[in-house]
Amino acid sequence: MTFKLKTLAAAAALAFAAGGAHAQISGGVVKIGILNDQSSLYADLGGQGSVTAAKMAVEDFKAKDKGLNVEVIFADHQNKPDVGTQIANKWIDNEGVDVIVDTPNSGVALAVNEVVRTKGKVFINSGAASSDLTGAKCSPNTVHWTYDTWMLANGTGKAIVKTGGDTWFFITADYAFGHALERDTKAVVEKNGGKVLGDVKVPLNNQDFSSFLLQAQASKAKIIGLANAGGDTINSIKQASEFGIVKGGQNLAGLLVFLSDVHGIGLDKAQGLILTETFYWDLNDSTRAWSKRFAAANGGKYPTMVQAGVYAGVLHYLKAVAAIKSDDGTKVVAEMKKLPTDDPLFGKGTIREDGRKIHNAYLFEVKKPSESKGPYDYYKLRATIPAAEAFRPLKDGGCSLVK
Amino acid sequence: MNTQALFGQLLIGLINGSFYALLSLGLAVIFGLLNIINFTHGAQYMVGAFVAYFLLNKAGLGYWWALLITPFIVGAVGVVIERLMLSRLYKLDHLYGLLLTFGLALIFEGAFHHQFGSAGLPYSIPESLQGVQNLGFMYLPNYRAWVIVASLAICITTWFVIERTKLGAYLRAATENPTLVQAFGVNVPRMITLTYGAGVGLAALAGVFAAPIYQVSPQMGSSLIIVVFAVVVIGGMGSIMGSIVTGFGLGVIEGLTKYFYPQASSTVIFVIMAIVLMIRPQGLFGQR
Amino acid sequence: MTGQQIGDHQAHDPSWERRYERGAFAVLFLAFVLMPAFIYPRFGSQLLCFAMFACAFNLLIGFGGLLSFGHAMFFGMGSYLCAHAAKVWGLPVELAIVTGAATSLALGVLTGMLAIRRQGIYFAMITLALAQMLYFFCLQAPFTGGEDGIQSVKRGRLLGLVDLNNEVAMYYFAFAVFLAAFGLIHRIIHSPFGQVLKAIRENEPRAISLGYDTERYKLAAFVLSATLAGLAGATKAIVAQNASLTDVHWSMSGEVVLMTLLGGMGTVFGPVVGALVIISMQFYLAELGSWVTITQGIIFVVCVLAFRRGIVGEIEAWLRGRRK
């Protein structure tokens, strides 16, 4: 034990002398940990693709040339908050991980948010939706990229109410994400003169929606809001068509739909769905170029907005680390908020005091099979929601960091 | 009272009940005749669904082929399990059989989860059974109607074979007094092996029925098996008729609960089990 | 009964047995005291919680002869109530843990009265079904947080003095709780009550004819086992700083059976060794995902077919053989 202490002291002294009074990369390596669902219902929207995106960001940043040693590792949180926190603790305490990235599943994300806050590292969330990450649970160590439930509610929710869908019934995934999405969408519906007739809570990763769809049918609501994601959304939509829900005169609102979901459902069942995303591979030349590179490294699968967010988030993180020459969590996040963001995927943007990344949102409609010219050509752009309006106003979130 | 919604849930309840009945039937056959608790039953149901998936996607053999072939393939696996492993445990405390089959279930589920993740693979409804009937109070998909009718037929046939035919009589006699029946020249060990295989085949058949409705996923059996245990305890362990009636009945009760008091729908079966245990511990149709 | 009963093992010369027990205890004690120097202390603390859980389970199967397949309900409820008491009611650590254990005691009484009516396989299936009912209750009850669980449980200061956020301090506290539970189980086994339990396990009709109210004894063993399992769960909630559905899931019930079977059912030290192996495997092989499940299944099968005495059981049999 004493031997170890002496060596540590010597090493620290050397590092101190070499790096100057304020520049310190812990362990000499910037370690990036991708924590997400690798094997279950959210594996397609993030999964290994997020790992690919992160590695692309490290390459494009040319870390070696800037004198930074960067490593990317990953793990499967299995959609369980206890597994997620155990991995986060192990990574930070034992393996020198400096930043945890992605983490779809709001329950896991909120739990990891606390661990990272206590230990002073960085959490760049691209996959989870709960707007609480920049609201009641905001943290000086967390940046929430890509999207959140408020943005979805005000994108898809508002658009549907305005076109006459004024009575709603929710089918909600029974955990943090579903509750947040239902809450935020209810608020939008009621604010715009609509009424919520009821809701039913469904366990995560449920395979059979028949009894829940029947309840929705019985409510006679014009719109059945699907407050779920990934595999759950795919199953709900497929089974709704089996039970003739749309034939009976009701419409489905996919409140969170990813490119990978549309791919899983197929255009014949998904056509006409309205959805809000903040990235689509076919938006402009730079997104197209990047997405082709990504698909080549990802087995031909095109990127979802979550994977795009991982790339952009890691890129901006590395810029901040290089700028202040340190990987101290709280300092890096402060720098990330100071530096304006600029990447080929989301364009120019900023990160607010509450950790919310601001960029445009887009209202899409899923094409009919006849309108699609090839694989993954699924969306037509209906409207652009400018960045200033896309996300919840700073003062409304209840975040303690906002003065 | 919204009769439309009520009938809708009742019908879904009947569909779920078909699976409860089919699976508890297999369990009851194996327990009643062999005194083995087959915890692997849920995993064998899952393997049945996967075999159907492979038959379709690798061998191009559709649903009807799967219905015919799958029970034999999975049943054969069951026979191997019985010969190699279960038969060594007959002289020991029955609990060891439970532990062995539990371990086997873990192996099956782990292996399939490793290979296929847990999101569920799609299996489409066979063309001849697609479409819906407009019943007025709901649209009933044809496939689900088929599931109810087919399970009922299989359950009644199995009951008939065991309770009313000579083969069934031999099986029942062999359970009660194997040495005597063996003395009459009947090959009892082979009968036991084949019976286990048949019970497993029943589970696999249920898996094929389930594939188009519940999607094919490695965990599909594990949550179901515990409900089926409760069904068997309520019906009376070893009573074939008990499992069939209780299976369908509990499915319907679950459906009713979903209409009147949805929060209790996942626990109602266990509550009933607790009540039955207090009043009539041998189960509704059990003997003791 | 047909053949070898589960949990069977024979006792021989009492003074040798005592020396063996003391020796084995000394070895394990030393190993645990020195552990934080070699491994991540947080992992060591979790290990102790599961060792406690396995010992509690073993009390019921090894000495009571009852295989419960639903023990996760006691572990999980202990975990939930302790987490809730610490986080929402603001109770200090000691009281939160007591709350957890007390809840499991109450639950043990309720479920025990239902389950004890049957034996053997029926008993196992009933405990499994009751545990599943509790799982669904926990899934929906607001206080458990459902899928999200109860997160960020504060550890606080033990008796207002020791800061448990120091991982080493937490470890030694968990060790102290473990020693207390282990000591209690040891006392129970070697008491007159323990002797009657063994008699009931070996031949219940004879015990009844001797005038013992066997149902009472079995229920008492069940409740004791449940309470200690709850204590383990409560301690785990403080160590891991969360309580979740995983703690009440049937796979947790299966794991404790596995730990005890692997270590040696009915031996005093078996559950501890079994917990060590299984939890270490889960922790170090976590990256391999489903392979952990597959390996656990294989261990089950191998143990049942060829290794029924478990690790400690085999060691003890070998040691006893050498004495001759």
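Taking square-rooted eigenvalues a ≥ b ≥ c of the alpha carbon gyration tensor, is region A:273-403 rounded, prolate or oblate, where a/c under 1.5 means rounded and, failing that, a/b exceeding b/c means prolate? All intermediate terms of the calculation are to be shown ahead of the outcome.
Values: a/c = 2.98, a/b = 1.52, b/c = 1.96.
In terms of gyration-tensor shape, oblate.
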Cα-based reach from residue A:357 at 12 Å (exclusive), listing aspartates and glutamates while leaving out same-chain residues under 8 positions away: A:148, A:342
Pair residue A:382, residue B:2: separation of 7 Å Cα→Cβ label points (nm): 2.6
Neighbour-limited loop hits for trypsin sites (Lys or Arg not before Pro), region A:223-294 (at most 13 other Cβ within 10 Å; DSSP other than H, G, I, E, B): A:247
Over 42 Å [Cα-Cα, chain A], rounded percent: 13
Sorted by Cβ density within 10 Å, fewest first, the residues C:163, A:327: C:163, A:327
Percentage of interatomic Cα-Cα distances in region A:96-242 larger than 25 Å: 33
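Give the order of C:87, A:195, A:373 when sorted by the count of other beta carbons within 10 angstrom, beginning with the fewest. Numbers along the way, then the final one.
Values: C:87 20, A:195 11, A:373 6.
Fewest-to-most Cβ neighbours within 10 Å comes out as A:373, A:195, C:87.
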Residue among A:306, C:86, C:196 farthest towards the positive dipole end of the protein assembly as shown, charges placed on Cβ: C:196
Rg/Rg_ref, chain B, where Rg_ref = 2.2 N^0.38 Å and atoms are Cα: 1.00
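Hey, fewest Cβ within 10 Å first, where do C:265, C:170, C:113, B:85 land in order? Show your work: numbers first, answer last.
Numbers: C:265 28, C:170 25, C:113 14, B:85 17.
Neighbour counts put them in this order, fewest first: C:113, B:85, C:170, C:265.
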Shape parameters for region B:122-244, alpha-carbon atoms, Rg then Dmax in Å: 18.4, 61
For region B:60-159, alpha-carbon Rg over 2.2 N^0.38 Å: 1.49
Lysines with Cα under 29 Å of residue A:220, excluding same-chain neighbours fewer than 8 positions away: A:158, A:162, A:186, A:191, A:195, A:201, A:238, A:247, A:269, A:367, A:368, B:258
Trypsin sites (Lys or Arg not before Pro) restricted to region B:62-148 and DSSP loop, no more than 12 other C-beta within 10 Å: B:91
Debye log10 I(q)/I(0) for region C:3-323, one point scatterer per Cα, at q = 0.07, 0.13 Å⁻¹: -0.26, -0.94
Cβ-based charge dipole, the protein assembly as shown, positive-most Cα from B:222, C:95, B:245: C:95
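Counting pairs on different chains as well as pairs 8 or more places apart, how many Lys pairs in chain C have Cα atoms under 26 Å apart?
Details: C:87/C:154; C:87/C:236; C:154/C:236; C:198/C:218; C:198/C:324.
Total qualifying Lys-Lys pairs in chain C comes to 5.
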DSSP beta bridge pairing in the protein assembly as shown, given as percent antiparallel to the nearest 5: 40
For the protein assembly as shown, the spread of Cα positions along each principal axis, largest first, Å: 85, 79, 49
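Rounding to the nearest 20 debye, state how big the charge dipole of the protein assembly as shown is about its Cα centre with +1 on each Lys and Arg Cβ and -1 on each Asp and Glu Cβ. Write down the numbers at each step before the final one.
On the way: 81 positive and 66 negative charges, 156 e Å.
Dipole about the Cα centre, nearest 20: 760 debye.
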Cα-centre dipole for region A:333-403 with unit charges at Cβ (Lys and Arg positive, Asp and Glu negative), debye to 20: 100
Label-reachable residues, region C:174-201, where backbone N falls under 18 Å from a point 7 Å from residue C:212's Cα toward its Cβ: C:185-201
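Hey, got the dipole for chain C? About the Cα centre, +1 on K and R Cβ, -1 on D and E Cβ, debye to the nearest 20?
Details: 23 positive and 18 negative charges, 143 e Å.
The calculated dipole for chain C is roughly 680 debye.
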Positive-pole candidate from A:149, A:104, A:125, dipole of region A:62-157, charges at beta carbon: A:125
Cα centroid of region C:194-243 to Cα centroid of region C:252-324, whole Å: 21
Degrees separating the helix B:220-235 axis from the principal Cα axis of chain B, which is the longest one: 70
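Only the coordinates and a few stated rules stand behind these numbers; no lab work does. Source: prediction; values computed, not measured. Note: ideal-geometry Cβ built from the backbone for every residue, glycine included; neighbour counts use all protein chains shown.
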